[in-house]
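Undergrad: Provided herewith is a single structure, encoded as structure tokens, for subsequent inquiry.
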Amino acid sequence: MVAQNAAYTARVQCSGSSNVSVNDSTIKSVMYISSCAKNQLSMQRNTFDVASGQIPGLGYALGLCSNTDPSNIAMTGSNKNTFVDTYPLGNTVRFCDAALASGSTWAIDGSSGAVFVATGRLYNSGTLNIGSGAVIKVSNVSYSDAGIHSKTGSELHVEGTSSDPVIFSSYKDDSIGGDTNTDGSSSSPSAGDYSAPLYLENDTEATLDYVQLKYGYRAAMVSGTSTALFNHTLVNYTNYGINVSGGNVNFRGSFENVSNRAITACDWDGSVDCSVDAAYVDWNRSDGPFNNSNRSNDLVCGMVTVSPWVYGSVEHDASMYSVLNCNGSTAPGSSMPANAAYFDQRIGENQIYCDGGYAFACTAITTAMNCLNAAIGLASSTSPFPLPGSSISTTGAAFSAGTVSAADTYVKGLEYETPATITLGALSGAANVIGIVSSLSSAYSSCAP
């Protein structure tokens with residue numbers, strides 16, 4: 001059903017099994033589309049030329065609302081719809097809870113002349129491809145979580161270029177895509193203008209290359225068992241950067257003007273599949289991701305590998321275990337030496353009594369060594385990196401130091417400056433390593449006599 005109302009708005013609402021095709025037309029008024037399921041709507045080779053006075057309020061040129069599947073609305077290629085920017089908002093495509101269904105694929109880029117504005121959500125349960133030159137602005141005026149929500153089993157591929165990146169920004173940002181909030185110069189963008197442009201939920205697979213994420217409270221939210229590969233990505237003017245509560249992330253790029261944590265992940269305990277490989281990142285400050293005068297103000301926390309990191313085009317090294325947990329506690333690699341020293345201390349104390357003829361102390365030493373060597377044997381059978389040996393030959397501290405060093409070397413060897421695919425090498429490697437180091441660190445404490 002198509003209707004024209006007095007406010008110069010064409011409304012397309014799909015009902016039942018009816019199909020709607022709007023092709024090869026010049027569209028002079030705002031068009032709102034709602035409730036069109038997969039394959040119910042086709043729009044190709046149309047020209048949106050919405051003239052002055054034809055856009056009521058913040059109507060936008062094309063609205064995709066109420067679970068409309070946009071997969072057959074051509075925005076790239078020879079059949080694409082085009083948008084003529086003859087009036088503010090005349091080139092805008094609004095997401096107001098559109099929903100790309102499972103099995104659907106939709107491609108958008110900058111070639112249509114459209115600027116995409118998320119005043120609500122674009123739910124992605126299929127495959128969403130965003131190409132070079134695409135501009136996606138986000139407003140949280142109507143919804144606090146406006147943006148792209150990739151759901152279970154979905155794929156998100158954002159592929160810009162060095163000269164024509166994909167940009168996610170604030171609806172107040174007039175520097176790209178025009179004056180989207182139609183207030184002239186009365187407002188300007190700032191960090192926290194909206195919650196986040198990207199929500200990668202459950203089992204999403206995402207690849208992003210040459211992307212800018214600007215002016216959100218956060219740059220991206222990653223959860224569940226999602227995997228995400230960010231290459232050549234700039235996070236700029238945000239309160240926080242990337243929050244990972246589950247899943248694995250590779251990040252290569254830079255952070256600028258981030259006022260709080262740039263990357264937050266789960267704790268270094270290996271209990272959750274939740275880690276970030278953030279090597280070769282330019283943090284735009286001399287101490288990189290760390291604040292050496294106040295570690296509570298570090299740019300990263302949780303299971304994040306950051307070495308080497310970049311400042312002024314120079315690479316700097318740091319231990320894999322330098323990053324603290326988000327509650328301020330240390331990583332297992334940092335606590336393991338202390339636990340090993342405690343083990344050696346207790347062995348030494350009992351050895352004095354054993355040498356003095358006290359059998360109980362000799363028994364305690366034997367029990368402790370058997371306990372620790374059993375833990376080492378178990379770790380050796382599953383460790384992806386070589387341990388210093390299959391049992392303690394010198395002291396617990398020496399074995400601990402060798403283990404920490406070997407683990408650090410192993411993970412750094414898995415990191416690449418520009419990962420080509422989501423191989424998760426350093427991520428899964430770090431997760432395995434932390435499991436090994438955590439078990440040995442705990443063994444030093446629990447086995448001590």
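The values are calculated or read from the model by the stated rules, or taken from the named source; none is laboratory data. Quantities reported herein were computed from a predicted structural model and do not represent experimental measurements. Here the Cβ positions follow ideal geometry from the backbone for every residue, glycine too, while neighbour counts run over all protein chains shown.
Undergrad: Any residue in segment 119-140 that is outside the structural domain of residue 161 (by TED's automatic domain parsing) sitting within a Cβ distance under 8 Å of a residue that is assigned to a loop (DSSP other than H, G, I, E, B) and of a type in the set (D, E, K, R)? List the pairs, counting only those 6 or more apart or interchain.
TA: So the pair list comes out empty.
Undergrad: Condition check: part of a helix (DSSP H, G or I), surrounded by fewer than 23 Cβ atoms within 10 Å (Cβ to Cβ) and without any contact (Cβ under 8 Å) to a residue 24 or more places away in the chain. Does residue 357 satisfy that? Write out each step before concluding.
TA: Details: part of a helix (DSSP H, G or I): no; surrounded by fewer than 23 Cβ atoms within 10 Å (Cβ to Cβ): yes; without any contact (Cβ under 8 Å) to a residue 24 or more places away in the chain: yes.
It is false that residue 357 is part of a helix (DSSP H, G or I), surrounded by fewer than 23 Cβ atoms within 10 Å (Cβ to Cβ) and without any contact (Cβ under 8 Å) to a residue 24 or more places away in the chain.
Undergrad: For segment 141-192, list the strands (runs of 3 or more DSSP E) that sit wholly inside it and hold at least 3 residues that are among the hydrophobic types (A, V, I, L, M, F, W, C) and in the same structural domain as residue 85 (by TED's automatic domain parsing); which are they?
TA: In segment 141-192, 166-170 are the strands (runs of 3 or more DSSP E) which contain 3 or more residues that are among the hydrophobic types (A, V, I, L, M, F, W, C) and in the same structural domain as residue 85 (by TED's automatic domain parsing).
Undergrad: While we're here: Name the residue, out of 173, 179, that is among the acidic types (Asp, Glu), over 22 Å from the mean Cα position of the chain (by Cα) and surrounded by fewer than 24 Cβ atoms within 10 Å (Cβ to Cβ).
TA: On the way: 173 fails: surrounded by fewer than 24 Cβ atoms within 10 Å (Cβ to Cβ).
Residue meeting the stated conditions: 179.
Undergrad: Against the definition (more than 19 Å from residue 397 (Cα to Cα), crowded, with 18+ Cβ neighbours inside 10 Å and out of contact with any Pro (no Cβ under 8 Å at 6 or more places or on another chain)), how does residue 324 come out, yes or no?
TA: Answer is yes for this residue.
Undergrad: I've got another one for you. When only residues in segment 196-229 that are more than 9 Å from the chain's Cα centre (by Cα), at pLDDT 95 or above and assigned to a loop (DSSP other than H, G, I, E, B) count, which is surrounded by the fewest Cβ atoms within 10 Å (Cβ to Cβ)?
TA: Among those residues, the one meeting the criterion is 217.
Undergrad: Among the residues of segment 107-119, is any within 22 Å of the chain's Cα centre (by Cα) and in a loop (DSSP other than H, G, I, E, B)?
TA: Just the residues of segment 107-119 that are within 22 Å of the chain's Cα centre (by Cα), to begin with: 107-109, 116-119.
Filter again for in a loop (DSSP other than H, G, I, E, B), leaving 109, 119.
Checked segment 107-119: at least one residue is within 22 Å of the chain's Cα centre (by Cα) and in a loop (DSSP other than H, G, I, E, B).
Undergrad: I need a count of the residues in segment 152-175 that are under 13 Å from residue 215 (Cα atoms) and among the hydrophobic types (A, V, I, L, M, F, W, C).
TA: 2
Undergrad: Which one of the conditions (1) at pLDDT 95 or above; (2) surrounded by fewer than 23 Cβ atoms within 10 Å (Cβ to Cβ); (3) more than 21 Å from residue 444 (Cβ to Cβ) does residue 299 fail to meet, given that it meets all the rest?
TA: So residue 299 meets the others, but not (2).
Undergrad: Count, please, the residues in segment 372-388 that happen to be more than 16 Å from residue 438 (Cβ to Cβ) and surrounded by 15 or more Cβ atoms within 10 Å (Cβ to Cβ).
TA: 2
Undergrad: Of all strands (runs of 3 or more DSSP E) completely enclosed by segment 230-341, which ones contain at least 3 residues that are without any contact (Cβ under 8 Å) to a residue 60 or more places away in the chain and of a type outside the set (A, V, I, L, M, F, W, C)?
TA: Per the criteria, 247-258.
Undergrad: Counting just the residues of segment 8-36 that are part of a loop (DSSP other than H, G, I, E, B) and in contact with a strand residue (DSSP E or B) (Cβ under 8 Å, 6 or more places away or on another chain), which one comes out modelled with the lowest pLDDT?
TA: Across segment 8-36, the extreme among qualifying residues is 8.
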